[in-house]
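What follows is calculated from the coordinates using simple rules that are stated; it is not laboratory data. All values derive from a computational prediction rather than experimental measurement. A quick note on method: Cβ atoms are made from the backbone with ideal geometry, for glycine too, and the neighbour counts reach across all protein chains shown.
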Protein chains: 2
Amino acid sequence: MLTRIDHIGIACRDLETTVDFYRRTFGFEVCHEEVNEEQGIHEAMLRINRTDDGESSYLQLMEPIRPESVVARFIEKRGEGVHHIAFGSADVASVVADAETAGITPLLEGLRRGSMGSLVTFLHPRDCHGVLTELVQAAPTAHAPTSPPEA
Amino acid sequence: MLTRIDHIGIACRDLETTVDFYRRTFGFEVCHEEVNEEQGIHEAMLRINRTDDGESSYLQLMEPIRPESVVARFIEKRGEGVHHIAFGSADVASVVADAETAGITPLLEGLRRGSMGSLVTFLHPRDCHGVLTELVQAAPTAHAPTSPPEA
């Protein structure tokens, strides 16, 4: 079951400039930054709000680090802008199974590593009325209660 | 101050088919439907989650009702897909003032009626790194406590 808008993924030419735009215009701050070598992006996460499933909704700003990466080709073709949207679930494998029952095959086999240690997969825009759709399971450590020390 | 992702606006050719896609694939349900004559759209709102500012995040599915509407021209040019993103505030006029201080002029003068009685304005993609950005103030009645009857 999908329980939140996890993030909106925005392709940008220059991460620093775009982060500065969101800070200056709307007061949004970066809460996390990383390079995802597999996806070929340098990304910044801006937390916008908490959600009632105990997680959060973010903007994900993505600058390509290679000219042949998916995001670089997106910008070349369409310019900067919204690249994908992502919904969150506590059990993304079951959401994938439901999607497959509905006749949709994910773009990737199995789950990959997404932002902040999450597990993710993607559904092709041709299967989702033109929207590249990511399914996200947040890292369990993000909001889990601290374990008591071993006795 | 912007306190939530209010919605993601998705342009579609056929509202009924697209609503059915989101219901069948992800279990999302329509919580509101209306025609906005000014914007030239027939829209359905799907609530995805509640947000920690007391409001909600939605998908807004939009089918054009006129071939010359903005959404119809978007689909003609780019196909179905994400048309805009929207952030919510309890005081959208102050957010507009902040944006103007940052050098951004809204697309519309004053505020217009958005979904579910909200007040909205838009910032041009050329000012927002390629993203058509809507600013939303939810209708006060949506979550306001019931007024006591006059004594």
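Per-residue ellipticity at 222 nm computed for chain B from its helices equals -6000 deg cm²/dmol, with DSSP H segments shorter than 4 residues left out and the rest contributing -39,500 (n - 2.57).
Please report the net charge: other residues with Cβ closer than 15 Å to the Cβ of A:A99, K and R +1, D and E -1. The answer is -4.
Seen from A:P125, the other residues with C-beta closer than 13 Å to its C-beta sum to a net charge of +1, counting Lys and Arg as +1 and Asp and Glu as -1. Charge dipole of chain A (Cα centre as origin; +1 on each Lys and Arg Cβ, -1 on each Asp and Glu Cβ, all else neutral): 400 debye, rounded to the nearest 20. Distances between copies of B:G79, taken at a point 7 Å out from Cα along the Cα→Cβ vector and listed shortest first: 1.9 nm.
Placing unit charges on the Cβ atoms only, positive for Lys and Arg and negative for Asp and Glu, gives the protein assembly as shown a dipole magnitude near 460 debye about its Cα centre. Look at where the Cα atoms of the stretch B:67-94 and of the stretch A:62-115 average out, and the two centres are 22 Å apart.
Using only the Cα atoms of chain A, build the gyration tensor, take square roots of its eigenvalues as a ≥ b ≥ c, and label the shape rounded, prolate or oblate: rounded if a/c is under 1.5, else prolate if a/b is larger than b/c, else oblate.
Note, shape of chain A comes out oblate.
The residue list A:S94, B:G103, A:P67 was ranked by how far each Cα lies along the charge dipole of the protein assembly as shown toward its positive end, using unit charges on Cβ atoms, and A:P67 comes out on top. For chain A, give the share of DSSP beta bridges that are antiparallel, in percent and rounded to the nearest 5; count only bridges with both residues there. Counting only bridges with both partners in chain A, antiparallel ones make up about 75 percent. Name the shape class, rounded, prolate or oblate, that the alpha-carbon gyration tensor gives for the protein assembly as shown, where a ≥ b ≥ c are the square roots of its eigenvalues, rounded holds for a/c under 1.5, and otherwise prolate holds if a/b is larger than b/c and oblate otherwise. It comes out rounded by the Cα gyration axes.
One residue of chain A places its C-beta nearer than any other to the axis carrying A onto B; that residue and its whole-Å distance are A:V82, 2.
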